[in-house]
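The values are calculated or read from the model by the stated rules, or taken from the named source; none is laboratory data. What you are looking at is a predicted structure, and each value in this text was computed from that prediction instead of being measured. As a convention, Cβ positions derive from the backbone with ideal geometry for all residues, glycine included, and neighbour counts pool all protein chains shown.
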Amino acid sequence: MKTPRIALVTGANQGLGRALVEGLAARAGADDVVLLTGRDERRVTEAAREVALRPGTRARVEGRVLDVTDTDAIDRLADELAARHGGVDVVISNAVTRVLPEDSQAARADEFIDVSNTAAHAILRSFGPVLRSGARLLVVASSLGTLGHLDPRLHHLFDGAGLDQVEYAVESWRTAVHHNTAAEAGWPRWLNVPSKVAQVAAVRAVAATRRDRDLAAGTLIAAVCPGMVDTATSRPWFDDHGGAQSPADAARAVLDLVFAEHVDRALYGELIRFGRALDWYGGTPPVEQDRMLTP
């Protein structure tokens, strides 16, 4: 008898997260379980019910309240799923904080970093040990997550860093933002750039410690760039949405990684966009007046 697969998506009430849940539920088996998570109980319950009733849904869809800024809650959920199911097969870290162009970047720094970075670190730490053979652990980032998008003075903080070092760099950046010393240290004004670089660096750090055994087991840990997606979070940042994908279209390439029969060694631990690994050293520091929620 085939063991049911257990999948979990954070930030899954709407947008890309919900599309990922819908795709997982449609492509998984009837005995599989997909956990749709978010921090608002009403929205989680409603979204899970709607996906469960959606034509084409095969797997069982369950709503679970999870505030990703509560790292203890992440750890408890990982332990619970390991105890109940013997492990987890798919984890997609997708939660993001909506920031508007007119918002103060400094005023939103704590919330943004907690949701995008501290939570991703906790997911990597808590769910990495409970991944079953052949699992997928993916962190949704963006093409801004390559090292070249940062000032060269900051490269040493992330290149070849372990997870503890990445966490230290993120907290140093947070402190610099609060002390108004970020610019002189080389940090860009827009939060999205260092946040995405740190997400990818964290994935690379964890992947470096487990590469051989994961590849032997057919397990993939990676960051993913879904491309430009037309959502409520991204829409205020772009004047032209002509090239934007729907959430369902953007989810497709990510889901192809989840359901791929074999893991491409060249993709392990990398930032993947449309099935190809992006150069970690690529990119150039952004012009500060540019809008920075690039896919």
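Selection within region 251-280: residues that are free of Cβ contacts under 8 Å to residues at least 60 places away in the same chain and basic (Lys, Arg). The member of this set that is farthest from ALA205 (Cα to Cα) is ARG276. Among the residues making up region 178-192, those that are touching a Leu at 6+ places or on another chain (Cβ under 8 Å) and not in a loop (DSSP other than H, G, I, E, B) are ALA185, ASN192.
When we screen ARG64, ARG43 for residues that are in a strand (DSSP E or B) and at pLDDT 95 or above, the only hit is ARG64.
When each of ILE123, ILE113, ILE74, ILE92 is tested for being part of a strand (DSSP E or B), within 19 Å of the chain's Cα centre (by Cα) and among the hydrophobic types (A, V, I, L, M, F, W, C), the lone residue that passes is ILE92. Residue pairs whose Cβ atoms lie under 6 Å apart, separated by 6 or more positions or on different chains, with the first residue in region 78-93 and under 14 Å from LEU36 (Cα atoms) and the second surrounded by 13 or more Cβ atoms within 10 Å (Cβ to Cβ) and of a type in the set (Gly, Ala, Ser), are VAL90/ALA7; SER93/ALA120.
Taking first residues from region 57-68 that are hydroxyl-bearing (Ser, Thr, Tyr) and partners that are crowded, with 18+ Cβ neighbours inside 10 Å, the Cβ contacts under 6 Å between residues at least 6 apart in sequence or on separate chains come to THR57/ALA25.
For GLU22, the conditions (1) of a type in the set (Asp, Glu); (2) outside any strand (DSSP E or B); (3) under 15 Å from ARG132 (Cβ atoms) are fulfilled apart from (3). Got at least one residue in region 86-95 being exposed (fewer than 15 other Cβ atoms within 10 Å of the Cβ) and either over 23 Å from PRO247 (Cβ atoms) or among the aromatic types (Phe, Trp, Tyr) (or both)? Looking for residues that are exposed (fewer than 15 other Cβ atoms within 10 Å of the Cβ) and either over 23 Å from PRO247 (Cβ atoms) or among the aromatic types (Phe, Trp, Tyr) (or both), one finds at least one in region 86-95, hence yes. The set of residues from region 1-23 being more than 13 Å from the chain's Cα centre (by Cα) and either β-branched (Val, Ile, Thr) or within 15 Å of GLU50 (Cβ to Cβ) (or both) comprises THR3, ILE6, ASN13, GLN14, GLY15, ARG18, ALA19, VAL21, GLU22, GLY23.
Looking at ALA48, ALA83, just one residue is of a type in the set (A, V, I, L, M, F, W, C), assigned to a helix (DSSP H, G or I) and loosely packed, with under 15 Cβ neighbours inside 10 Å, and that residue is ALA83. Once region 126-157 is narrowed to residues that are among the basic types (Lys, Arg) and in a strand (DSSP E or B), the residue that is nearest to ARG174 (Cα to Cα) is ARG136.
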